[in-house]
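Everything on this sheet refers to the single structure shown next.
The values are calculated or read from the model by the stated rules, or taken from the named source; none is laboratory data. Quick caveat, the model's predicted, so the values are computed rather than measured. Here the Cβ is made from the backbone with ideal geometry for all residues, glycine too, and neighbour counts use every protein chain on show.
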Amino acid sequence: MAEILVLVDHLDGAVRKFTTEMLTLARRAGEPSAVFVGSGYDAAAETLAQFGAAKVYVADAPDLSEYLVTPKVELLASLIARTQPAAVLVPSTLEAKEIAARLAIRTGSGLITDAIDVSAELGTQQSAFAGSYVVDAKVTTGTPIIAVKANAVTPETAPSTPAVEAVAVDLPDSAKQARVVSRSPRKQTGRPDLSEASVVVSGGRGVGGPEGFRVVEELADALGGAVGASRAAVDSGWYPHASQVGQTGKTVSPQLYVAAGISGAIQHRAGMQTSKTIIAINKDGEAPIFEMADFGVVGDLHQVLPALVAEINRRKG
């Protein structure tokens, strides 16, 4: 079977759900080969094997983590030249999409970003124009490089015993122009990562201020979800930029998206349009968000959300 390279998304060996989804998609079209960059492979080995990696390329040289983006491009380009894979799958994150773009130029290949599905023939689907259209696309030049959105598929286990190969790459001076000088851990909230959460509750201008996000957080916690925010709320300083959902923030595709006090401007819709079920809560019954919502509540979020939290907790017992 054709080899499919999958760039592993992990933190010190803790494999993120993104990767298990890409391995599931890769098995449709060929034999998945995971590309693990950095330290912590021992912690990741079980997960990669559980989700069907037939082979794992492990690159843990310090240089690959000390510089931004380009070293991973060099590594993947060398693997493409050596293994001639049928495709390369990367997560649709800001860093990985930059890697994918540089890799496409380096290898003279076609690139597809924000894919919501990948077929056995390596055809893809993308959502466009705020979910109004689904676009079918396929790379016709070089090695298909595909950036896959989170929650594109339900991860399916396929236990394997992957062959492990240590790989190295010589980095040219041009790959060492941007060095990481420090790292600091993000404050932990106990909630799932926004990009891969199956439930997202977002607040917008309608929350009224930073204190208004308290009810948004309470609903997210009751549902076991992540908290998002509109650009208007972030620009007002009410919530961290890392939680912004939209064209200039993060793109999410959860099973359930709750938009509280969000009007539904196209900038926001571009970041959550592929959510499976959308619930909108807004005092303005004419707000654009209702046009794409599966369920809508016209009302004050500060009354609706606490009542919803209370009912959820009651049913939990």
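Residues that are crowded, with 19+ Cβ neighbours inside 10 Å, small (Gly, Ala, Ser) and within 24 Å of the chain's Cα centre (by Cα): list the helices (runs of 4 or more DSSP H) wholly contained in region 225-317 that include at least 1 such residues. So that I can check it myself, show each step before the final result.
On the way: elements: 231-235, 266-272, 301-316.
Counting at least 1 such residues, we get 231-235, 266-272.
Name the one entry in 163, 147 that is among the aliphatic types (A, V, I, L, M) and either without any contact (Cβ under 8 Å) to a residue 24 or more places away in the chain or in contact with a helix residue (DSSP H, G or I) (Cβ under 7 Å, 6 or more places away or on another chain) (or both).
Answer to the selection: 147.
Go through region 108-137 and give me each residue that's surrounded by fewer than 14 Cβ atoms within 10 Å (Cβ to Cβ) and of a type in the set (D, E, K, R).
Answer for region 108-137, where residues must be surrounded by fewer than 14 Cβ atoms within 10 Å (Cβ to Cβ) and of a type in the set (D, E, K, R): 121, 136.
Right, residue 101: modelled with pLDDT of 95 or more and either not polar (S, T, N, Q) or not assigned by TED's automatic domain parsing to the domain that holds residue 142 (or both) or not? Before the answer, list the steps.
Numbers: modelled with pLDDT of 95 or more: yes; either not polar (S, T, N, Q) or not assigned by TED's automatic domain parsing to the domain that holds residue 142 (or both): yes.
Here the answer is yes, as residue 101 does meet what is asked.
Can you report the number of residues in region 84-94 which are in contact with a Leu (Cβ under 8 Å, 6 or more places away or on another chain) and either in a helix (DSSP H, G or I) or among the charged types (D, E, K, R) (or both)?
Restricting attention to region 84-94, the residues satisfying the condition of being in contact with a Leu (Cβ under 8 Å, 6 or more places away or on another chain) are 85-91.
Next cut, either in a helix (DSSP H, G or I) or among the charged types (D, E, K, R) (or both) only: none.
Here the count works out to 0.
What is the one condition in (1) closer than 19 Å to residue 151 by Cβ; (2) modelled with pLDDT of 95 or more that residue 55 does not satisfy?
The number of the failed condition is (1).
Going residue by residue through region 227-240, is there one that turns out to be among the hydroxyl-bearing types (Ser, Thr, Tyr), in contact with an Asp or Glu (Cβ under 9 Å, 6 or more places away or on another chain) and on the phi < 0 side of the Ramachandran plot?
no
Pick from region 178-200 the residues that are charged (D, E, K, R), under 19 Å from the mean Cα position of the chain (by Cα) and at pLDDT below 85: which of them is farthest from residue 16 (Cα to Cα)? It would help to see each step written out before you state the result.
So the first thing to find is which residues in region 178-200 are charged (D, E, K, R), and the list is 179, 183, 186-187, 191, 193, 196.
When the remaining residues are screened for being under 19 Å from the mean Cα position of the chain (by Cα), the result is 186, 191, 193, 196.
Keeping just the survivors that are at pLDDT below 85 gives 186, 196.
On the way: 186: 16, 196: 8 Å.
Only one residue tops the list, namely 186.
For region 254-270, name all the residues that are more than 13 Å from residue 233 (Cβ to Cβ) and of a type outside the set (Ser, Thr, Tyr).
254, 255, 256, 258, 264, 266, 269, 270
Please go through region 61-83 and give me each residue that is touching a residue at least 60 places away in the same chain (Cβ under 8 Å) and outside any helix (DSSP H, G or I), ordered by number.
Listed by number, the residues that qualify are 61, 67, 68, 69.
Please determine, by comparing only the residues of region 27-63 that are surrounded by fewer than 19 Cβ atoms within 10 Å (Cβ to Cβ) and touching a Lys or Arg at 6+ places or on another chain (Cβ under 8 Å), which one is farthest from residue 172 (Cα to Cα).
Going through the qualifying residues, I end up with 31.
In the set 46, 121, which member is over 25 Å from residue 268 (Cβ atoms), among the charged types (D, E, K, R) and not in a helix (DSSP H, G or I)?
121
Among what's in region 178-201 and is surrounded by 12 or more Cβ atoms within 10 Å (Cβ to Cβ) and among the hydroxyl-bearing types (Ser, Thr, Tyr), pick the residue that is farthest from residue 92 (Cα to Cα).
The first filter runs over region 178-201 and keeps only residues surrounded by 12 or more Cβ atoms within 10 Å (Cβ to Cβ), leaving 189, 191-201.
Of the ones still in play, those that are also among the hydroxyl-bearing types (Ser, Thr, Tyr) are 189, 195, 198.
Numbers: 189: 23, 195: 9, 198: 16 Å.
Among residues in region 178-201 that are surrounded by 12 or more Cβ atoms within 10 Å (Cβ to Cβ) and among the hydroxyl-bearing types (Ser, Thr, Tyr), the one farthest from residue 92 (Cα to Cα) is 189.
Looking at (1) in the same structural domain as residue 103 (by TED's automatic domain parsing); (2) in a loop (DSSP other than H, G, I, E, B); (3) of a type in the set (Val, Ile, Thr), which is the one condition that is false for residue 134?
Failed condition: (2).
Kindly establish whether residue 144 is under 28 Å from residue 274 (Cα atoms) and in contact with a Phe, Trp or Tyr (Cβ under 7 Å, 6 or more places away or on another chain).
Spelling it out, it is not the case that residue 144 is under 28 Å from residue 274 (Cα atoms) and in contact with a Phe, Trp or Tyr (Cβ under 7 Å, 6 or more places away or on another chain).
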